[in-house]
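**Student:** Once you've had a glance at the structure underneath, I'll fire off some questions.
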Amino acid sequence: MNKKIILSGAQPTSNKLTLGNYIGAMKNWIKFQEGHDGIFFVADLHSLTVKQDPKTFRDQVYSALATYLAVGIDPQKSLVFVQSQVPEHSELAWILNCFSSMGELSRMTQFKEKSQKVGKNIPAGLFTYPVLMAADVLIYDTDLVPVGIDQKQHIELTRDIAVRMNQYFGIDLFKIPQPFIPEIGAKIMSLQDPISKMSKSDPVENATIFLSDSDTQITKKIKKCVTDSGDQITYSDSSPGIMNLINIYACLTGESTNSIVERYRGKQYGHLKVDTADVVVRFISPIRSEIDKIMQDRGYLDKIMAEGAIRASARAEVVLNKVYDTVGLPSRLRR
Ligand code: TYM
């Protein structure tokens with residue numbers, strides 16, 4: 001019964017999750033939920049690090065949960081919940097904050113990028129966000145964290161904090177987690193700027209494919225995607241736009257990148273675009289319908305959230321109680 005614990009989450013920052021989120025992370029969540037102890041949550045507290053519209057934010061949280069279910073996360077097999085409904089995460093985050101340094105947090109690439117975008121009045125939450133992420137992971141004795149490459153540095157920080165506290169207190173307080181990053185698809189690129197990551201919050205039109213996009217939107221975005229001016233289909237860093245399409249194609253069909261390049265030898269970029277659009281449409285179309293269907297039934301989503309939160313809290317408090325005892329706080333009270 002000692003199954004490996006797999007944990008991951010995504011932020012409900014924009015209206016919908018993206019094809020990048022699916023390929024880089026969620027595809028592996030689904031693979032791992034078989035034969036492992038899967039824990040998947042909607043990281044809504046993380047989204048508050050940038051300003052959210054309270055009128056739409058709650059809907060985004062529901063929509064993210066509906067997307068998890070629509071892509072195949074099964075609440076009968078995995079623990080599924082919303083982060084803000086399990087307050088133990090925030091409790092642990094405070095304690096971890098006291099064992100993290102300003103220096104290491106200011107070295108986080110994502111903080112540097114995001115704070116630059118915010119400009120003035122950078123929220124402190126943006127700075128300490130990786131510590132909340134460390135709490136998300138460490139509170140469940142997680143073994144493996146399936147994520148895209150952009151989260152690797154945060155998992156390394158999580159490991160550093162865990163090792164530091166284990167050494168300081170001289171006990172195995174936390175299990176040391178490992179990241180799981182796919183070989184292909186760990187960074188799906190923007191369709192309009194193939195040297196930047198495809199992102200939920202990209203304001204550039206046609207840069208991002210959402211799991212809620214219509215067939216027409218998907219086809220248009222892929223047809224208009226930026227490639228170089230060459231005409232040979234190759235899998236190389238000098239053709240990042242083409243490489244990105246091949247990666248998307250390979251990840252959604254299971255065909256190897258070599259075999260795709262072979263098949264398109266001598267063909268034009270347009271062929272690859274049309275066929276990739278077709279593959280993406282066939283993949284997203286049933287997911288989109290399923291999200292729409294699930295979103296009609298708020299009662300069902302509320303039930304999943306409530307059941308998930310109760311189970312998650314019961315598990316989270318085991319490590320949290322141990323942390324309270326270890327740092328010397330009075331025992332955590334049960335309410
Ligand atoms: P988030 O919401 O930015 O992204 C969710 C997951 O999708 C991956 N991802 C991508 N993979 C490939 N190509 C892309 N273009 C792409 N864009 C996003 C991300 O790497 C991530 O795995 N901090 C996290 C959420 C989080 C979390 C956690 C994850 C909070 N706590 C604990 C793991 C464990 C985030 O902002 O992901």
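The values are calculated or read from the model by the stated rules, or taken from the named source; none is laboratory data. All figures in this text were calculated on a predicted structure; none of them were measured in a lab. Backbone-built Cβ (ideal geometry, glycine too); neighbour counts: all protein chains shown.
**Student:** Among the hydrophobic types (A, V, I, L, M, F, W, C), farther than 16 Å from residue 184 by Cβ, at pLDDT 95 or above and under 27 Å from the mean Cα position of the chain (by Cα): does that describe residue 277?
**Tutor:** Details: among the hydrophobic types (A, V, I, L, M, F, W, C): yes; farther than 16 Å from residue 184 by Cβ: yes; at pLDDT 95 or above: yes; under 27 Å from the mean Cα position of the chain (by Cα): yes.
The answer is yes for residue 277.
Per-residue answers, yes or no, for (1) away from the ligand (no atom under 15 Å from the Cβ); (2) outside any strand (DSSP E or B):
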position: 6; (1), (2): no, no
position: 14; (1), (2): no, yes
position: 51; (1), (2): yes, yes
position: 57; (1), (2): no, yes
position: 75; (1), (2): yes, yes
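**Student:** Moving to a separate point now. Return the total of residues in the stretch 13-49 being of a type outside the set (A, V, I, L, M) and under 15 Å from residue 208 (Cβ atoms).
**Tutor:** Residues meeting the conditions: 9.
**Student:** Starting from the stretch 233-251, take each residue that is at negative phi and list its partners that are crowded, with 22+ Cβ neighbours inside 10 Å and polar (S, T, N, Q), counting only C-beta distances under 7 angstrom and pairs at least six apart or across chains.
**Tutor:** Once the first residue is at negative phi and sits in the stretch 233-251, its partners that are crowded, with 22+ Cβ neighbours inside 10 Å and polar (S, T, N, Q) give 245/276; 248/276; 249/276.
**Student:** Based on this model, can you work out whether residue 27 counts as touching a residue at least 40 places away in the same chain (Cβ under 8 Å) and part of a helix (DSSP H, G or I)?
**Tutor:** Criteria met by residue 27.
**Student:** Residues in the stretch 256-276 that are assigned to a loop (DSSP other than H, G, I, E, B), touching a residue at least 12 places away in the same chain (Cβ under 8 Å) and surrounded by fewer than 13 Cβ atoms within 10 Å (Cβ to Cβ): how many?
**Tutor:** 2
**Student:** Taking the condition within 16 Å of the ligand (Cβ to nearest atom), in the same structural domain as residue 20 (by TED's automatic domain parsing) and in contact with a Phe, Trp or Tyr (Cβ under 9 Å, 6 or more places away or on another chain), does residue 157 pass? Write out each step before concluding.
**Tutor:** Working: within 16 Å of the ligand (Cβ to nearest atom): yes; in the same structural domain as residue 20 (by TED's automatic domain parsing): yes; in contact with a Phe, Trp or Tyr (Cβ under 9 Å, 6 or more places away or on another chain): no.
No: the conditions fail for residue 157.
**Student:** Within the stretch 94-111, is there a residue that is buried (at least 23 other Cβ atoms within 10 Å of the Cβ) and assigned by TED's automatic domain parsing to the domain that holds residue 169?
**Tutor:** yes
**Student:** Just name the residue that is farthest from the chain's Cα centre (by Cα) out of those in the stretch 178-215 that are of a type in the set (Asp, Glu) and more than 10 Å from the ligand (Cβ to nearest atom).
**Tutor:** Looking only at the stretch 178-215, we keep the residues that are of a type in the set (Asp, Glu), and these are 183, 193, 202, 205, 213, 215.
Narrowing further to those that are more than 10 Å from the ligand (Cβ to nearest atom): 183, 193, 205, 213, 215.
On the way: 183: 16, 193: 21, 205: 22, 213: 19, 215: 24 Å.
Among those residues, the one meeting the criterion is 215.
One line per residue, one yes/no per condition, for (1) in contact (Cβ under 8 Å) with a residue 12 or more places away in the chain; (2) within 22 Å of residue 183 (Cα to Cα); (3) small (Gly, Ala, Ser):
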| residue | (1), (2), (3) |
| --- | --- |
| 32 | yes, yes, no |
| 56 | yes, no, no |
| 80 | yes, no, no |
| 98 | no, no, no |
| 108 | yes, no, no |
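**Student:** Further question: Filter the stretch 77-106 down to residues that are of a type outside the set (Phe, Trp, Tyr) and assigned to a strand (DSSP E or B), then give me how many there are.
**Tutor:** Residues that pass the stated criteria total 3.
**Student:** May I ask you to list the residues in the stretch 163-189 that are part of a loop (DSSP other than H, G, I, E, B) and closer than 23 Å to residue 31 by Cα?
**Tutor:** 175, 176, 177, 181, 182, 183, 184, 185, 186, 187, 188
**Student:** For residue 83, which of the numbered conditions (1) out of contact with any Gly (no Cβ under 8 Å at 6 or more places or on another chain); (2) within 13 Å of the ligand (Cβ to nearest atom); (3) not small (Gly, Ala, Ser) fails to hold?
**Tutor:** Only one criterion is unmet by residue 83, namely (1).
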